[in-house]
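Student: Mind looking over this structure? Questions follow.
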Amino acid sequence: MTAKRILIIDDHPLFREGLKTIIRRNPGFELAGEAGTAQEGLREAQRLHPEVSVVDISLPDKSGIQLVRELAAVLPEMRIIMVSMHTKVDYIVEAFQAGATGYVTKDSASENLMTGLMAVAKGEFYLDPSISREVAKRLLEFPGGRDQGTLAGGGSAAYDSLTPREREVMRLVCEGMYTKEIADMLSISIKTVEHHRASVLKKIGLQNTVELVRYAVKIGLID
């Protein structure tokens with residue numbers, strides 16, 4: 001059987017080396033290439049056409065979730081595993097809605113990446129077993145399809161009304177990122193970030209960022 005070719009997109013060289021070591025241990029997989037930025041990753045994916053891409057959720061030039069959307073659009077047959085430090089339900093759901101077919105936490109990648117690769121290579125979906133049962137339960141409550149944007153069972157009708165981009169901006173704001181940092185990460189203008197933030201506050205019925213952070217903690221979006 002032909003080995004499945006894997007593309008690694010992660011900006012940490014040491015972590016990439018670890019992933020490559022894991023991949024090389026299994027004769028069913030081979031390394032197709034690697035990239036350290038979203039732009040380079042998209043270019044390499046289009047050039048190499050790997051069967052599976054492993055994508056970091058946090059990349060220096062763009063959100064990994066946005067990259068997954070772009071990869072899924074240009075290479076719909078390719079399977080995508082996202083690796084992340086985050087175990088919050090919102091990150092996980094956005095990843096799957098964007099087009100990911102697997103989600104592995106960086107803390108457990110050495111134990112679970114190969115299992116995830118084998119699962120998605122067979123056309124299955126994979127969720128890291130270290131993800132809490134409650135998160136998995138809430139994940140299953142989300143409507144299927146990458147174009148679905150509402151949060152089912154998220155505990156807030158106001159939050160459910162936000163668009164995927166508004167939720168992304170809200171999370172980054174609540175994590176303490178500056179407007180320019182968010183604009184650079186999402187490849188949008190500062191004015192657009194400010195527009196999304198104002199829209200989020202209006203839809204949820206809050207006055208400022210402090211209230212927004214408290215709200216995010218309350219609904220479990222951030223710690």
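Student: Quick one: which of I188, I182, I204 is more than 15 Å from D160 (Cα to Cα) and touching a helix residue (DSSP H, G or I) at 6+ places or on another chain (Cβ under 7 Å)? Walk me through how you get there before you give the answer.
Tutor: Details: I188 fails: touching a helix residue (DSSP H, G or I) at 6+ places or on another chain (Cβ under 7 Å); I204 fails: more than 15 Å from D160 (Cα to Cα).
After ruling out the rest, the residue left standing is I182.
Student: Could you list all residues from the stretch 25-48 that are farther than 17 Å from D10 by Cα and among the basic types (K, R)?
Tutor: Within the stretch 25-48, R25, R47 qualify.
Student: For K106, all conditions in the list (1) closer than 21 Å to I6 by Cα; (2) at pLDDT below 90; (3) open to solvent by less than 20 Å² (accessible area, probe 1.4 Å) hold save one; what is the number of the exception?
Tutor: Among (1) closer than 21 Å to I6 by Cα; (2) at pLDDT below 90; (3) open to solvent by less than 20 Å² (accessible area, probe 1.4 Å), K106 violates only (3).
Student: Does V68 fit the bill of being within 27 Å of E166 (Cβ to Cβ) and either modelled with pLDDT of 90 or more or touching a Leu at 6+ places or on another chain (Cβ under 7 Å) (or both)? Show your work before the answer.
Tutor: Working: within 27 Å of E166 (Cβ to Cβ): yes; either modelled with pLDDT of 90 or more or touching a Leu at 6+ places or on another chain (Cβ under 7 Å) (or both): yes.
Against the criterion (within 27 Å of E166 (Cβ to Cβ) and either modelled with pLDDT of 90 or more or touching a Leu at 6+ places or on another chain (Cβ under 7 Å) (or both)), V68 qualifies.
Student: Within the stretch 57-71, can you find the residues that are in contact with a Gly (Cβ under 7 Å, 6 or more places away or on another chain), farther than 25 Å from V217 by Cα and open to solvent by 10 Å² or more (accessible area, probe 1.4 Å)?
Tutor: Within the stretch 57-71, just R69 meets the criteria.
Student: Follow-up question, since we're still on this one. Give the number of residues within the stretch 1-21 that are open to solvent by less than 20 Å² (accessible area, probe 1.4 Å) and β-branched (V, I, T).
Tutor: Taking the stretch 1-21 as the starting set, the residues that turn out to be open to solvent by less than 20 Å² (accessible area, probe 1.4 Å) are 6-10, 19-20.
Still in the running and β-branched (V, I, T): 6, 8-9.
Residues that pass the stated criteria total 3.
Student: Follow-up. On the given criteria, is T87 within 30 Å of M177 (Cβ to Cβ), open to solvent by 60 Å² or more (accessible area, probe 1.4 Å) and at pLDDT below 90? Let's see the steps before the verdict.
Tutor: Working: within 30 Å of M177 (Cβ to Cβ): yes; open to solvent by 60 Å² or more (accessible area, probe 1.4 Å): yes; at pLDDT below 90: yes.
The answer is yes for T87.
Student: Being within 18 Å of D128 (Cβ to Cβ) and at pLDDT below 95 is the requirement here; does L19 meet it? Outline the logic, then answer.
Tutor: Values: within 18 Å of D128 (Cβ to Cβ): yes; at pLDDT below 95: yes.
In short, yes.
Student: What helices (runs of 4 or more DSSP H) lie completely within the stretch 138-187 and have 3 or more residues being open to solvent by 50 Å² or more (accessible area, probe 1.4 Å) and either at pLDDT below 75 or on the phi < 0 side of the Ramachandran plot (or both)?
Tutor: Working: elements: 157-160, 164-174, 179-186.
Output list reads 179-186.
Student: Another question about this same structure. List the residue pairs whose Cβ atoms are under 8 Å apart, where the first residue sits in the stretch 65-87 and is at negative phi and among the basic types (K, R), the second is in a loop (DSSP other than H, G, I, E, B) and open to solvent by 20 Å² or more (accessible area, probe 1.4 Å), and the two are 6 or more positions apart or on different chains.
Tutor: R69/R146; R79/E51; R79/G123
Student: If I filter the stretch 10-24 for residues that are touching a residue at least 24 places away in the same chain (Cβ under 8 Å), more than 21 Å from S108 (Cα to Cα) and of a type in the set (D, E), do I get at least one hit? Break it down stepwise before answering.
Tutor: If we filter the stretch 10-24 for residues that are touching a residue at least 24 places away in the same chain (Cβ under 8 Å), which is where we start, we get 10-12, 15, 18-19, 22-23.
Within this subset, residues satisfying the condition of being more than 21 Å from S108 (Cα to Cα) are none.
No, because not a single residue in the stretch 10-24 is touching a residue at least 24 places away in the same chain (Cβ under 8 Å), more than 21 Å from S108 (Cα to Cα) and of a type in the set (D, E).
Student: On to the next question. Please enumerate the residues belonging to the stretch 195-215 that are in contact (Cβ under 8 Å) with a residue 24 or more places away in the chain and open to solvent by 60 Å² or more (accessible area, probe 1.4 Å).
Tutor: R197, K203
Student: Pairs please, first residue from the stretch 166-184 and within 15 Å of K203 (Cβ to Cβ), second anywhere and at pLDDT 85 or above and open to solvent by 50 Å² or more (accessible area, probe 1.4 Å), Cβ atoms under 7 Å, 6+ apart in sequence or on different chains.
Tutor: Every condition considered, the pairs that remain are V169/R197; V173/R197.
The values are calculated or read from the model by the stated rules, or taken from the named source; none is laboratory data. Bear in mind the structure is a predicted one, so any value in this text is a computation, not a measurement. Heads up, the Cβs are rebuilt from the backbone with ideal geometry, glycines too, and the neighbour counts pull from every protein chain shown. Keep in mind that these areas ignore ligands, DNA and RNA; they rest on the heavy atoms of the full protein, side chains included. Shrake-Rupley method; radii C 1.70, N 1.55, O 1.52, S 1.80 Å.
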